[in-house]
Structure formats: structure tokens, C-alpha cells
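Below: one structure, written as C-alpha cells.
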Amino acid sequence: MSYIAASNGSRQPMFLAVMGLLLLLSCISVCLRLYCRVFRVHKLGNDDFLIVAALAVAIGMGIMNGVHISYGTGRHFTDLPLQEILIPTLKHWYVYQLIYPISIGLVKFSILAQYYRIFEVRKFRILVVSVAVFVLLYTIITIFVNAFECRSKPWRAWDPSFPTGCNNLPATYFSTAGINILTDLIILVMPLPLLMRLNLNPKRRWALVGIFLTGTFASAASIVRLNALYIYTVTKDVSYDAIYILLWSQIEVNVAIISASAPSLRPLFSSVFRGSSHSRGRAVSSIPYGAYGTNGSNYRRTTIKTNAHGAIELSSRDDENLRDVSRSRERVGDDNSVRGLITGDGVNIVKTVVIETKREDRR
């Protein structure tokens with residue numbers, strides 16, 4: 001029998017509407033991400049597979065939440081037949097608390113894998129791997145602690161006497177949630193120093209930082225979820241207030257999935273980020289391609305070449321006697337670099353600058 005109702009202040013309709021909207025937005029964001037990665041960048045990474053797995057688990061959480069609602073979660077305790085719903089509800093809560101850390105862990109692994117792919121800085125990659133190992137250990141420990149919250153008798157988790165004979169549940173909830181929030185914040189700020197050092201127009205740099213900071217909303221949901229856990233431990237109307245744990249858990253996971261997909265959606269908005277550096281590179285490109293300019297006895301020519309792989313080569317040179325030659329090349333725009341995230345086209349651009357100086361002895 002289903003115990004879904006909208007009467008007497010039931011929170012079930014609100015929960016179902018929010019959950020349905022979030023799942024829809026998550027599916028759209030992941031589908032758009034895969035479209036960009038397959039048809040625009042032509043390459044999938046480990047981060048893409050992990051976010052698909054996270055979405056699958058989030059959908060599973062949504063189905064489980066529907067079961068919770070059918071057993072009366074979100075309605076007042078006095079409106080429900082306790083003897084019929086208590087044990088099935090406790091069983092679903094037990095399974096749910098094992099699934100939640102997997103879902104949020106997969107999102108974090110996806111974000112870290114994305115960091116590893118984008119930022120080709122050795123020290124930063126070591127940091128990414130270190131955080132990933134910590135998140136993995138935390139996820140395993142959390143699942144283990146939740147599975148054995150009643151020590152050697154897990155079945156007590158759905159016994160009518162629950163939580164008698166089990167661990168200190170408030171301490172368990174707050175400690176695991178606190179570490180979860182800490183890892184959220186660490187992952188959120190990790191790339192900021194590298195992003196701020198990019199040689200970009202300030203408007204584009206801050207736009208890029210803003211994309212990475214969309215994860216702030218998921219972190220905020222984690223903090224609000226901590227308050228929902230506190231309410232759950234002190235409330236006298238458990239079935240009515242427990243729905244907030246489900247609500248903010250679902251918000252946290254789905255917003256994290258959407259935020260994790262945001263950087264990969266950049267090719268859809270390429271006009272916003274088109275172009276890159278604005279400082280020294282501009283001085284070279286400001287000279288019309290193929291045109292000459294004079295400066296005393298020096299003649300400078302800037303040309304553009306394209307190689308067989310679609311790479312673009314810029315060269316600037318003087319056309320008379322040479323004494324000193326300086327040449328530098330840099331590869332940008334690769335899919336595995338942060339510049340590739342900005343340009344979004346996966347085209348390798350090789351910029352070659354040739355500076356030639358001449359000394360003339362005039363008598």
C-alpha cells in the first residue's frame with residue numbers, strides 16, 4: 001500500500017517535484033557533456049565515464065527515494081500506521097546510507113580525473129592523486145561504518161528497537177558529513193591558483209574561474225544537509241522531518257553532477273571564450289599577416305602557416321642581414337590542457353616567433 005498524500009502539510013509533493021527536476025537537469029547536463037566530448041572534442045576521458053556512473057547511481061537514489069515516499073516519509077508520524085511501515089522503512093534507510101557515499105564519491109572522482117586531464121602540472125597532479133586516494137579511503141570507511149552501525153548485528157538497523165545496541169549515530173553522521181564537506185572545499189579550491197595564473201583577458205579568466213566554482217552550490221547543499229542530519233537526531237516527528245535528509249542528499253548529488261559537467265560544456269559557448277592570451281602574443285599578431293613595416297633600416301614581416309595536422313604557425317622576421325636569431329615554440333589548445341578547455345576545439349596551435357636582429361655599421 002502506498003502512503004503518498006498531499007494533505008495535512010505533507011512534504012511529499014514538494015520533494016517529488018524537486019527531485020524530478022534535479023534528475024532531469026542532471027541527465028541533460030551529462031548528455032550535453034557527452035555530446036561535446038564525442039562530437040566536438042572527439043575524445044572521452046575517465047572523468048566522463050565516472051560522471052555517467054555517478055548519474056546512474058543518482059537515478060538509483062531517486063528510485064529509492066520514491067520507495068521511501070511510498071512508505072510515508074514526508075508525512076506526519078501520527079498519520080501513518082507505524083506497525084506496517086516501520087521495518088520496511090528502516091530497511092530502505094539502511095540500504096540508502098550505503099548508496100549515498102558511492103554516488104558522491106563517484107562525482108568527486110570524476111572531478112579529480114578532470115583536473116588530472118586538464119592541468120599538466122606535475123605537482124598539481126600529485127596533489128590530485130593524493131586527494132583521490134583520501135576520498136577513496138573515506139568512501140570505503142564510510143560504507144563500512146554505515147554497514148556495521150549496529151556492530152556485529154547489522155540486522156538491528158531495521159529492528160523495531162533501533163537504535164538500541166548500535167553506535168553513537170549522531171557522532172557518526174556528523175563526523176562523516178564533516179569530512180565530506182572538507183573534501184568538497186578542498187576539491188573546489190584546488191585549481192584556483194593555476195587558473196588565476198593563466199595569461200588570459202581578465203574577463204575570460206574570471207568567467208573560467210566562475211565555471212569551476214559552480215561546485216560551490218554542491219558544497220552549500222552538503223552544509224545544509226548537515227543541519228538536516230541534526231534535525232533528524234532531535235525530532236519527535238521522524239517520518240516528517242527525515243525527508244530533509246533525502247532532499248538535501250539528492251540536491252547535493254545532482255548539483256555536484258551538473259557542476260562537474262559545466263567545464264566540459266564550454267564548446268557550446270565557444271564565442272564567450274574564443275581567444276586566449278592578451279599580452280605578449282598580441283604584440284606579434286597585431287602586425288597584419290604578410291604586411292611589411294619599416295623601422296629605420298629594419299624590415300619586419302609576419303606570416304601565418306598551417307601544417308598538415310591543422311596546426312597554425314605564426315612567424316615574425318626581419319628580411320635583411322642577420323646577426324642573432326631567437327626562436328621559441330609553444331603548443332597550446334590540446335584537449336589535455338587547460339588551454340584546450342578554453343579554446344574547446346581540440347585543434348593544436350603552434351605559435352612560432354622568430355626574432356632577428358641586424359647591426360649595420362654606418363660611416
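All of the numbers you see were taken from the coordinates with simple rules; none came from a lab. Just so it is clear, the model here is predicted, and its values are computed rather than measured. Neighbour counts are summed over all protein chains in view; Cβ atoms, including those assigned to glycine, are modelled from backbone coordinates with ideal geometry.
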Tell me the label-point distance for the pair C27, T216, using the 7 Å Cα-to-Cβ offset, in nm and rounded to one decimal.
3.1 nm
Quick check: pseudo-label points 7 Å beyond the Cα along Cα→Cβ at R125 and V145, how many nm apart are they?
3.3 nm
Can you sort E252, E149, E84 from fewest to most other Cβ atoms within 10 Å of each residue's own Cβ?
E84, E149, E252
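Order these peptides, 136-142, 262-268, by their mean beta-carbon neighbour count within 10 angstrom, highest first.
Put in order of decreasing packing, that is 262-268, 136-142.
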If I stretch the segment between A17 and L192 completely, what's the gain in nm (0.36 nm per residue apart, minus their alpha carbon distance), one decimal?
59.5 nm
In terms of the ratio Rg/(2.2 N^0.38 Å) built on C-alpha atoms, what value belongs to the range 75-232?
1.32
Note: S161 to L136 extended length (0.36 nm per residue) minus current alpha-carbon separation gives 5.7 nm
Neighbour-count ranking for L24, L112 (other C-beta within 10 angstrom, fewest to most) reads L24, L112
Efficiency of FRET between H76 and L185 - r from beta-carbon atoms, R0 51 angstrom, step 0.05
0.90
N199 versus A6: modelled label distance in nm, points set 7 Å from Cα along the beta carbon direction
6.0 nm
